[in-house]
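J.: One structure coming up, written as structure tokens, with questions to follow.
The values are calculated or read from the model by the stated rules, or taken from the named source; none is laboratory data. Keep in mind it's a predicted model, so treat the numbers as computed, not measured. Reconstructed Cβ throughout: ideal geometry from the backbone, glycine too, with neighbour counts over all protein chains shown. Heads up: the accessible areas ignore ligands, DNA and RNA and are worked out on the full protein's heavy atoms, side chains in. Shrake-Rupley method; radii C 1.70, N 1.55, O 1.52, S 1.80 Å.
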Amino acid sequence: MTTAAKRQLKLGAILEGVGADHTSWRDPALAGDASIDIGWYIDNARLAEAAKFDLVFIVDSPFITPDTAPHFLNRLEPLTLLSALAVSTSKIGLVGTLTTSYWEPYNVARQFGSLDHISKGRAGWNVVTTGLEGASRNYGRNAHFDHAVRYERAGEFVDVVQGLWDSYEDDAFPRDKAAGVFLDKDKQHALNHKGPHFQVAGPLALSRSNQGQPVIFQAGVSGAGRDLGARIAEGVFAGVDGFEDAQEYYADLKARAAAQGRDPDHISVLPGLSPVIADTDEEARALAEAQRGSVSIDKLLTQLGRAFGYHDFKQYPLDGPFPDVSGLSLNAYKGHAERIVRISREQNLTLRQAAERFGTWRSDFVGSPQTIANEIQRWFEGRAADGFILRVTRPRDFALFREEVVPLLQARGLFRTEYEHDTLRGHLGLPVPENRWTRSPGQLAAE
Ligand SMILES: Cc1cc2nc3c(=O)[nH]c(=O)nc-3n(C[C@H](O)[C@H](O)[C@H](O)COP(=O)(O)O)c2cc1C
């Protein structure tokens, strides 16, 4: 485990345009088309880079309903968008979400491998299996893969992609003009994967980048999700519910990684962060209350239903107990749905209280810049987080965080004042993965 002296906070910025909630879009300072305006993304990626963030993060899902939150209703495809950001920035990491349920490993290996070359080693892939059942109907299926099958496929999918990324040894291309030798054929390798879900021959027509391979992110909550994250993830976007829940998640994920023979320091736990910042704690609390109060109960019930595959909670009495949903197939965002049910039962929440608690991002970070910095430090030093992923939408909130909170973290020696590396692996303190075809027999035997 890294000693406290060497540990540095990691900060990411989710670029969410008009917002994944139901009120940010009404902010007068936010253009209504921010989610489809490449200029908005370039501007905010550059602001995050100027504040020395580790990465920008693009979330995604291939299914919407009329009630979906504004940013998700009308947005750009992550990889297309990140390629434009790659040529508009020079240091910050570029992490995109792509589902393993409705893509092919060969294509995904090419796309993220290409982004890694275009960005000179700054690409990351947020591996999701898609929790929204409706996505299946956009890909010719009548039903979504069962949760357990989704994760089985996802594990094999990532293994194939990482195998394809190693198709060429790093010195496979001598490009010897005098001798007329472009490729050393002994250093090109076919994967010839044959598994329960995928058969992929390879090789991939793309060499490795200067960070070896893109960084793998994940956001599992359920047992299966955590096990997959512990095996493959180098960054985990954690959806946690307060400090104690975050400490439990952090300890559990690191233990699962160690149990699978991994260095727990090579998996960063990064909870989402939606701070509400004002000059004083009182003003910030009032602002948070006003923001929360501005979301209609209808919208809160819709957002609550999203974790249950957009189940319609409007059919139940608002001030009655959280309804019995045991008949629902929790095949959507299983971990989130199970946690909502558990907490609602444990705390005897009414449906209204559950909608207010889980229907919008609850912020544990409300206060003056000092208060926010203190709470970030408490989570970081209390091993509840290795860093955070800041949700970027309202300009004022992002500006306050960059200009008021980041300098406090830097003054405390918790966060970088300057980039020391050029790749995403470098920023995150991750090793460049050895090419499997050039590992020594001893290393292969040790695996
Ligand atoms: C902060 C955060 C961001 C997420 N972003 C996405 C996303 O962009 N696309 C997606 O399909 N799922 C996303 N998820 C959902 C996860 O991939 C996963 O399905 C969910 O956390 C439930 O985990 P489980 O499947 O292990 O129960 C996100 C989850 C969290 C906590």
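J.: Can you run the Rg to Rh ratio on region 296-358? Use alpha carbon positions and the Kirkwood inverse-distance Rh. Working shown, then result.
T.: Values: Rg = 10.3 Å, Rh = 11.3 Å.
Using Cα coordinates only, the ratio equals 0.91.
J.: Run the dipole for region 1-65 about the Cα centre, Lys and Arg Cβ at +1, Asp and Glu Cβ at -1, nothing else charged, and hand back the magnitude in debye, nearest 20.
T.: On the way: 6 positive and 9 negative charges, 105 e Å.
Using only the charged Cβ atoms, the result is roughly 500 debye.
J.: While we're on this one: Between region 71-146 and region 175-226, what is the C-alpha centre distance in whole Å?
T.: 17
J.: At a 1.4 Å probe radius, carbon and sulfur cover how many percent of the accessible area of the chain? Show your work: numbers first, answer last.
T.: Numbers: 9640 of 18920 Å².
The nonpolar share, carbon plus sulfur, comes to 51 percent.
J.: So, with +1 on the Cβ of K and R and -1 on the Cβ of D and E, and no other charges, what is the size of the charge dipole of region 238-351 about its Cα centre, to the nearest 20 debye? Display every interim value, and only then the final one.
T.: Values: 12 positive and 18 negative charges, 119 e Å.
With Lys and Arg at +1 and Asp and Glu at -1, about 580 debye.
J.: Over what distance in Å are the Cα centres of region 275-298 and region 319-395 separated?
T.: Value for the Cα centre distance between the two parts: 16 Å.
J.: Could you give the semi-axes, largest first, of the ellipsoid that matches region 198-253, computed as the square roots of 5 times the alpha carbon gyration tensor eigenvalues and rounded to whole Å? Kindly include the intermediate steps, with their values, before the conclusion.
T.: Values: eigenvalues 190, 39, 11 Å².
For region 198-253, the semi-axes come out at 31, 14, 7 Å.
J.: Given a 1.4 angstrom probe, what's the average accessible area per residue across the chain, in square angstrom?
T.: Values: 18920 Å² over 447 residues.
That works out to 42 Å² for each residue.
J.: At what distance in nm do the modelled label points of Gln353 and Asn142 sit from each other, each positioned 7 Å from its Cα along Cα→Cβ?
T.: If labels sit at Gln353 and Asn142, their model points lie 4.2 nm apart.
J.: Which semi-axis lengths, in whole Å and largest first, follow from the square roots of five times the eigenvalues of the Cα gyration tensor of region 143-194? Don't skip to the end; give the middle numbers.
T.: Numbers: eigenvalues 280, 13, 11 Å².
Equivalent ellipsoid semi-axes, largest first: 37, 8, 7 Å.
J.: Hey, another quick one. How big is D, in µm² s⁻¹, for region 20-139 by Stokes-Einstein at 20 °C and 1.002 mPa s if Rh is the Kirkwood radius over C-alpha pairs?
T.: On the way: Rh = 15.3 Å.
The diffusion coefficient I find is 140 µm²/s.
J.: Over region 227-300, consider all pairs of different Cα atoms and compute the Kirkwood hydrodynamic radius from their mean reciprocal separation; express it in Å, one decimal. Numbers along the way, then the final one.
T.: Working: mean 1/r = 0.0681 Å⁻¹.
Across region 227-300, the inverse of the average 1/r is 14.7 Å.
J.: Additional query: Give, rounded to the nearest 20 debye, the magnitude of the charge dipole that the chain has about its Cα centre when Lys and Arg contribute +1 at Cβ and Asp and Glu contribute -1 at Cβ.
T.: Details: 49 positive and 58 negative charges, 124 e Å.
Here the size comes out at about 600 debye.
J.: Subtract the Cα-Cα distance of Ala399 and Arg439 from 0.36 nm times their separation in residues, and report this length gain in nm to one decimal.
T.: Values: separation 40, 0.36 × 40 = 14.40 nm, distance 4.60 nm.
Length gained, Ala399 through Arg439: 9.8 nm.
J.: Set the Förster distance to 56 Å, then compute FRET efficiency between Glu248 and Asp171 from the Cβ-Cβ distance, nearest 0.05. Working shown, then result.
T.: Details: r = 46 Å, r/R0 = 0.81.
So the FRET efficiency works out to roughly 0.75.
J.: When every alpha-carbon pair in region 136-292 is counted, what percent end up more than 18 Å apart? Intermediate results must be reported in sequence, preceding the final value.
T.: On the way: 8834 of 12246 pairs.
Counting pairs separated by more than 18 Å, the tail of P(r) holds 72 percent.
J.: Compute the Cα gyration tensor for region 55-119, then decide on rounded, prolate or oblate, letting a ≥ b ≥ c be the square roots of its eigenvalues: rounded whenever a/c is under 1.5, prolate when a/b is larger than b/c in the other cases, and oblate in all that remain. Present the calculation step by step, with values, prior to reporting the outcome.
T.: Working: a/c = 2.84, a/b = 1.38, b/c = 2.06.
The shape class here is oblate.
J.: Another question about this same structure. Place +1 on the Cβ of every Lys and Arg and -1 on the Cβ of every Asp and Glu in the chain, take the dipole about the Cα centre, and give the residue among Val215, Ile343, Gly413 whose Cα lies farthest towards its positive end.
T.: Val215
J.: Run a plain Debye calculation on the chain (Cα atoms as equal point scatterers, no solvent) and give log10 I(q)/I(0) at q = 0.08, 0.10 Å⁻¹, rounded to two decimals, same order as the q list.
T.: -0.46, -0.73
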